[in-house]
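Engineer: Input: one structure, supplied below.
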Amino acid sequence: MLRYTGKRIVTGILSLFVLATATFFLIHFMPGSPFQSGAVSPQVVDALEKEYGLSEPLISQYFSYMGNLLRGDPGISYTEPGTGVAEIIGRTWPLTASLGITALLTAVITGTALGILRAVTKYRAVKSVISTGEMLAAGIPGFAAAFLLLYVFSMKLKVLPVSGLLTPAHYVLPAVTLALYPAAVICRLTGNSLEAELRKEYVVFARMKGLSRGRTVFTHALKNAYLPVLRYLGPAMAYLLTGSFAVESIFNIPGLGREFVNSITNRDYTLILGLTVFMGTVVILANLLTDLLCAWLDPRTRRAVSGDVG
Amino acid sequence: MRNIMFRFRGGRAKAAPQKQEKSEYRKAGRKLLVYGIILGIWALLAVLVPLFWPFSYSEQNADIRNQAISLTHWFGTDRFGRDLFARVWYGAGISLLVGISSALINGMAGILAGAFSGWLGGIADMALMRIGDVISSIPSMIYVILIMLAAGSGPGSIILGLCVAGWVDMARIVRGEILRLKETDFACAAKMEGLSSMRILFRHLLPNAAGPIVVNLIFLIPQAIFTESFLSFLGVGIAAPAASLGTIIQEARSQMALCPWQMACSLAVLCVMLLCLNAAGSVLEDRIGSAGEDRTLYRLDNIIADKSRPE
């Protein structure tokens, strides 16, 4: 187990290194300069580029950047003079993360509840309502859902705030928008695998033994049926914790996703790189955590992990 | 006791599985037909409206700015006085074009990469998959901007930009399927027959992976449309005067409080399109998910029957 974790961390660091390298060269090939904006004369741009070391050959820039990165210094932003990239991440990440965790909890709770309901209900109407809702939630793009919710709840009914992230009420709309897609996937996974599980003989046998319906579903079938959902939590966490530009821009939340898109349009090289590496780390850690959680809960996965894979 | 049997569907499944299965199958077929018809109407409108509608998608007219829905302007007009009905369907056409062509290119590239990766195994497999990991973890926005600045903005650049990283998912799926099928008895039998690798791979293994491949190919279309509309929404997509649904939605955003129909119409067209594609994909997925294993077995039986026949 320990060996497996160690191996995953080493491959993770290696892929982060390759990711940083590939992104570094790609973004430097993008035409444009971080200092080119409207009425700035070419001489000023040249002077600024010299000041920030952008006129040096690309290779030496690369080595000095990677050296700094290894020492834990992701550099300073070009478009926000005097602000470190680490500082920007420290400022934006808490907002994105708190929103992402709220959305994740919402998605897991509603997705699981509706999935169970869909699997155990005997009413056809309930089943088809849940299936339709699931299809809608998975198929409508995030920004469309955001506009719809915004229009109905903030502009027409005026019950929820339009933008920002100040009070718990501010969290409702963005969290719901973000949670829609993962909730639909979780609902689908829970419902399908629980339905398959309930058809198995041990469930029928447990019922024949006289166990209550609730006990059969919750303590016997659900435990087995929930593994696919746990495996999905990694990608879901990665998606929710790196921030969505659409949601952050529509609800005016100064989070990570918005900062990232702005940094690309501004050609803010160090910020793009810093955010890419940071997001890569979050994705790798989220997947690692999920795999370890699955291995801890499911002896079959644990055996596979400590066996030939490790 | 009867109660238990009826509450969980498994209890009575033995009695009449055939009939139930058949009606489920038919129902899925009907659903597919409905989605297909809607998508057909959408495609038809996207082709015909720009050709025959009296208003052009790009002509501005200051006298008719921000008009509401009326008989002359079915979706109203935007803040430059452009007819939205013409614009939305023109945009839908661009979105469909981008979605379908990039899904096809990504599908082909992914199938080839995945098939070779799974078949060859070893270092080639590892190299291809790691390259895929790195490529897919760089945001597609960077690729699109790069290509756009190099080749000019237009649908072609967007399609190319989506194709840089889009093949990776398909490659992973195909690779998994090939890895599974490689170990089956019929692959082994084909190898013993002395068939060439290429023939086994393309004539025997890939056709058996057709189910997951088709499902994924269909899911690639709404994904591409979604990414394209999202990029256009950010302003790095299709440049004016051309428009895709994403650009139209972005333009309608500033008028949302006063003229909500501008956004409603374009959003509705986009959402119906994406929903139909996604739903068609899931119906197919369910259908193949239940039939996939049986089909492999069937094929295996066929080959064994073939080989055991005295020559």
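Engineer: Could you tell me the center-to-center distance, by alpha carbons, between segment A:22-64 and segment A:136-213 in angstrom?
Structural biologist: About 45 Å separates the Cα centre of segment A:22-64 from the one of segment A:136-213.
Engineer: Can you check how the C-alpha radius of gyration of the protein assembly as shown compares to 2.2 N^0.38 Å, as a plain ratio?
Structural biologist: Ratio of Cα Rg to 2.2 N^0.38 Å: 1.05.
Engineer: Where the eigenvalues come from the Cα gyration tensor of segment B:179-221, what are the semi-axes √(5λ) of the equivalent ellipsoid, largest first, in whole Å?
Structural biologist: Listed largest to smallest, the semi-axes of segment B:179-221 are 25, 10, 6 Å.
Engineer: Still on this structure: Summing -39500 (n - 2.57) over the DSSP H runs of n ≥ 4 in chain B and dividing by its residue number, what mean residue ellipticity at 222 nm do you reach, to the nearest 500 deg cm²/dmol?
Structural biologist: One gets -25500 deg cm²/dmol as the mean residue ellipticity at 222 nm.
Engineer: A follow-up question, please. Using r as the Cβ-Cβ distance of B:M108 and A:I13, and R0 as 25 Å, what FRET efficiency do you calculate, to the nearest 0.05?
Structural biologist: For B:M108 and A:I13, the calculated efficiency is 0.15.
Engineer: Just how many % of Cα pairs in chain A lie over 33 Å apart, if you round to the nearest whole percent?
Structural biologist: Result: 41 percent of Cα pairs exceed 33 Å.
Engineer: Report relative contact order for chain B in percent, whole number only (criteria: Cα-Cα under 8 Å, sequence separation at least 6).
Structural biologist: 21
Engineer: Further, regarding this structure: Whose amide H sits under 5 Å from the amide H of A:E80, counting only residues 5 or more places off or on another chain, with H placed in the peptide plane?
Structural biologist: Distant-sequence amide H within range of A:E80: zero hits.
Engineer: Of B:M192, B:M108, B:M263, which is the most mobile in a GNM of chain B whose springs link Cα atoms less than 10 angstrom apart?
Structural biologist: B:M192
Engineer: Give, rounded to the nearest 20 debye, the magnitude of the charge dipole that chain B has about its Cα centre when Lys and Arg contribute +1 at Cβ and Asp and Glu contribute -1 at Cβ.
Structural biologist: The calculation lands at about 1160 debye.
Engineer: Quick one: compute the contact order of segment A:216-302, relative version, from alpha carbon pairs under 8 angstrom and 6+ residues apart, as a percent.
Structural biologist: 36
Engineer: With +1 assigned to the C-beta of every Lys and Arg and -1 to the C-beta of every Asp and Glu, and no other charges, what is the dipole magnitude of segment A:147-302 about the Cα centre in debye, to the nearest 20?
Structural biologist: Numbers: 15 positive and 8 negative charges, 149 e Å.
Magnitude of the dipole: close to 720 debye.
Engineer: Need one value for A:140-150: mean number of C-beta atoms belonging to other chains within 10 Å of its residues' C-beta atoms. Could the numbers behind the result be given before it?
Structural biologist: On the way: counts 8, 14, 2, 11, 12, 2, 0, 8, 4, 0, 1.
So the per-residue partner count for this stretch is 6.
Engineer: Using only the C-alpha atoms of segment A:1-144, find the volume of their convex hull and express it per residue in Å³.
Structural biologist: In segment A:1-144, the Cα convex hull volume per residue is 200 Å³.
Engineer: Looking at chain A as a GNM with Cα springs under 10 Å, which of A:L70, A:L16, A:L136 has the largest mean-square fluctuation?
Structural biologist: Result for chain A, Cα springs under 10 Å: A:L70 fluctuates most.
Engineer: For peptide B:190-200, how many partner chain Cβ atoms fall within 10 Å of a residue's Cβ, on average?
Structural biologist: So the per-residue partner count for this stretch is 0.
Engineer: Quick one: putting +1 on the C-beta of Lys and Arg, -1 on the C-beta of Asp and Glu, what dipole do you get for segment A:57-139 around its Cα centre, in Debye to the nearest 20? Each step should come with its number before you reach the end.
Structural biologist: Values: 6 positive and 4 negative charges, 136 e Å.
So the dipole magnitude of segment A:57-139 works out to roughly 660 debye.
Engineer: Still on this structure: Looking at chain B, do any whole DSSP H helices span at least 30 angstrom along their long axis by alpha carbon and average 1.0 or above on Kyte-Doolittle, and which?
Structural biologist: Long hydrophobic helices here: B:84-120, B:210-234.
Engineer: Quick one: what do you get for segment B:53-115 if you divide its Cα Rg by 2.2 N^0.38 Å?
Structural biologist: Working it through for segment B:53-115, the quotient is 1.68.
Engineer: Quick one: Debye curve from the C-alpha atoms of segment B:112-186, no solvent, what's log10 I(q)/I(0) at q = 0.12, 0.14, 0.16, 0.26 Å⁻¹?
Structural biologist: -0.41, -0.52, -0.63, -1.05
Engineer: Between B:W119, B:W53, B:W89, which gets the highest mean-square fluctuation from a Gaussian network model of chain B, Cα cutoff 10 Å?
Structural biologist: Maximum fluctuation in the GNM of chain B, among the listed residues, is at B:W53.
Engineer: Could you pull out every whole DSSP H run in chain A that spans at least 20 Å of Cα extent along its own axis and averages 1.0 or higher on the Kyte-Doolittle scale? Please list the in-between numbers first.
Structural biologist: Values: long enough: A:2-29 (41 Å, 1.21); A:85-120 (50 Å, 1.31); A:124-139 (22 Å, 0.56); A:168-198 (40 Å, 0.81); A:227-241 (22 Å, 1.20); A:269-297 (42 Å, 1.86).
TM-like helix candidates: A:2-29, A:85-120, A:227-241, A:269-297.
Engineer: Pairs of alpha-carbon atoms within less than 8 angstrom and 6+ residues apart define the contacts here; what relative contact order does chain A have, in percent?
Structural biologist: Reported relative contact order: 27 percent.
Here, each number is a calculation from the coordinates, and none is a lab measurement. Quantities reported herein were computed from a predicted structural model and do not represent experimental measurements. Note that we place each Cβ from the backbone using ideal geometry, even for glycine, and neighbour counts take in every protein chain shown.
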